[in-house]
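Structure first, commentary second.
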Amino acid sequence: MKLLPGRRLPASPIEGKMLGLIGVAGGRMGASETLSHLRAIGRSLHAWVVPTQVSIGAADKAFDPRGEPVDADVRDRLMSVGRQVAHFAWLHKCENHLQFVKEWEVAAIGDGAA
């Protein structure tokens, strides 16, 4: 594909969207390394990757047959990612962009661990 000067590549399907990262793995270590790579890919595609992410190890034991988390802590962490995606998506679309940036910075400092 040849681009003309001053032109950019077509937008990615996730450009400007909020992404929440959740990784599961069969081993005890979880998917932290995978999440790190997905975070970089999301940013490269101009998506907003929320600070909170969840890595779940031993996935075969982490969920019941219906797919529900066995551990309340895992359920709470999954819900936290979903709430953060919804919250920042709403703030991003509202008129108060300064509030979005302020809350984004606070979340990145206080809640960015896996």
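Look at segment 36-58: where a residue is at positive phi and a partner is part of a loop (DSSP other than H, G, I, E, B) and among the basic types (Lys, Arg), sitting 6+ places away or on another chain with Cβ atoms under 7 Å, you get Ala58/Arg28.
Total residues in segment 65-102 satisfying the condition of being surrounded by fewer than 15 Cβ atoms within 10 Å (Cβ to Cβ) and over 18 Å from Leu21 (Cβ atoms): the figure is 17. Just one residue in the set Ala62, Ala72, Ala113, Ala47 is of a type in the set (Gly, Ala, Ser) and modelled with pLDDT under 90; that residue is Ala113. Taking segment 10-24 as the range and being surrounded by fewer than 17 Cβ atoms within 10 Å (Cβ to Cβ) and either charged (D, E, K, R) or under 9 Å from the mean Cα position of the chain (by Cα) (or both) as the test, the residues that pass are Glu15, Lys17, Ile22. Residue count for segment 25-54 satisfying the condition of being closer than 25 Å to Asp73 by Cβ, outside any helix (DSSP H, G or I) and under 11 Å from the mean Cα position of the chain (by Cα): 6. Take His37 and decide whether it is surrounded by fewer than 17 Cβ atoms within 10 Å (Cβ to Cβ) and either over 21 Å from Ala108 (Cβ atoms) or out of contact with any Ser or Thr (no Cβ under 8 Å at 6 or more places or on another chain) (or both). Criteria met by His37.
Against the condition on the phi > 0 side of the Ramachandran plot and either in contact with a strand residue (DSSP E or B) (Cβ under 9 Å, 6 or more places away or on another chain) or surrounded by 12 or more Cβ atoms within 10 Å (Cβ to Cβ) (or both), how does Ala62 come out, does it pass? When the stated conditions are applied, Ala62 does not pass them.
If you check His87, His92, His37, His97, which single one turns out to be touching a helix residue (DSSP H, G or I) at 6+ places or on another chain (Cβ under 6 Å) and within 27 Å of Ser12 (Cα to Cα)? The match here is His92. How many residues are among the hydrophobic types (A, V, I, L, M, F, W, C), farther than 25 Å from Ala108 by Cα and not in a helix (DSSP H, G or I) if we restrict to segment 55-95? Looking only at that region, the number is 3. Leu45 satisfies every condition listed in (1) out of contact with any Ser or Thr (no Cβ under 9 Å at 6 or more places or on another chain); (2) of a type in the set (A, V, I, L, M, F, W, C); (3) over 18 Å from Ala107 (Cα atoms) except (1). Of the residues making up segment 55-83, just one is closer than 22 Å to Glu103 by Cα and over 14 Å from the mean Cα position of the chain (by Cα), namely Asp76.
The values are calculated or read from the model by the stated rules, or taken from the named source; none is laboratory data. This structure is a prediction, so every number in the text was calculated from the model and none was measured. Backbone-built Cβ (ideal geometry, glycine too); neighbour counts: all protein chains shown.
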